[in-house]
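Colleague: The structure that follows is given in the form of structure tokens.
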Amino acid sequence: MKKAMFAVTVLLAFAVVIGTSCGKSNDTVTVRISAAGSLEKVTGMLCESYKLDNKGIKFTFDYSDSDAAVKSVSDGRSDAAFTDRPLTDDEVNSGLTSQIFGRGSKDSKKELFIVFRSDGAKTPAVKGFSDYITSGDTESILSLSDYVPT
């Protein structure tokens, strides 16, 4: 009887381990972000804030300059880019789109943009993130990072 109970216990433990590990492997979605180095603080804060209400999202970051960040989205190496410049006509014609989400300070005319591919390459996770960034719900985060929402 003890051997049978031990065997049942081992099987149940094995089933729990298998069940929980299988569920975890598909629950995380990675969103690849490129950004101008000057936007590292605000980018990190926005992503961390988004993760609070959206479990299963993981962000990876590549910081360089706005030109390289835009090129990274264009080349498909990143899902989104944060830049401090508008897209050029050539970039728009190549299939990119951008939305303004903030500006440098109350007295600054410098605008902050989030850039995506416009060909439908947005996954549901990326679409949800872009909607969050441009929704206006980020006002307190932007103000903490020396930026203001538009």
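Coordinate-derived values only; no laboratory data. Given the structure is predicted, the values throughout are model-derived calculations rather than measurements. Cβ atoms come from the backbone with ideal geometry, glycine included; neighbour counts cover every protein chain shown.
Colleague: Going by C-beta contacts inside 10 Å, put Glu111, Glu48 in order with the fewest on the left.
Modeller: Ordered from fewest to most neighbouring Cβ atoms within 10 Å, Glu111, Glu48 come out as Glu48, Glu111.
Colleague: Across the range 42-57, in residue order, what do the Karplus-derived ³J(HN,Hα) couplings come to in whole Hz, using 6.51 cos²θ - 1.76 cosθ + 1.60 with θ = phi - 60° and x for Gly and Pro?
Modeller: Each residue's phi maps through the Karplus curve to give 5, 4, x, 5, 5, 5, 5, 4, 4, 5, 4, 9, 10, 5, x, 9 Hz.
Colleague: Ranked highest first by the average count of other Cβ atoms within 10 Å around their residues, in what order do 29-38, 90-99, 67-76 fall?
Modeller: 29-38, 67-76, 90-99
Colleague: What residues have an amide H closer than 5 Å to that of Val31, excluding those fewer than 5 places away on the same chain, when H is modeled at 1.01 Å from N in the peptide plane?
Modeller: HN-HN under 5 Å from Val31: Lys58, Phe59, Thr60.
Colleague: Just grab the label-to-label distance for Asp90 and Glu48, each label 7 Å out from Cα along the Cβ direction, in nm (one decimal).
Modeller: For the pair Asp90/Glu48, the computed spacing is 3.8 nm.
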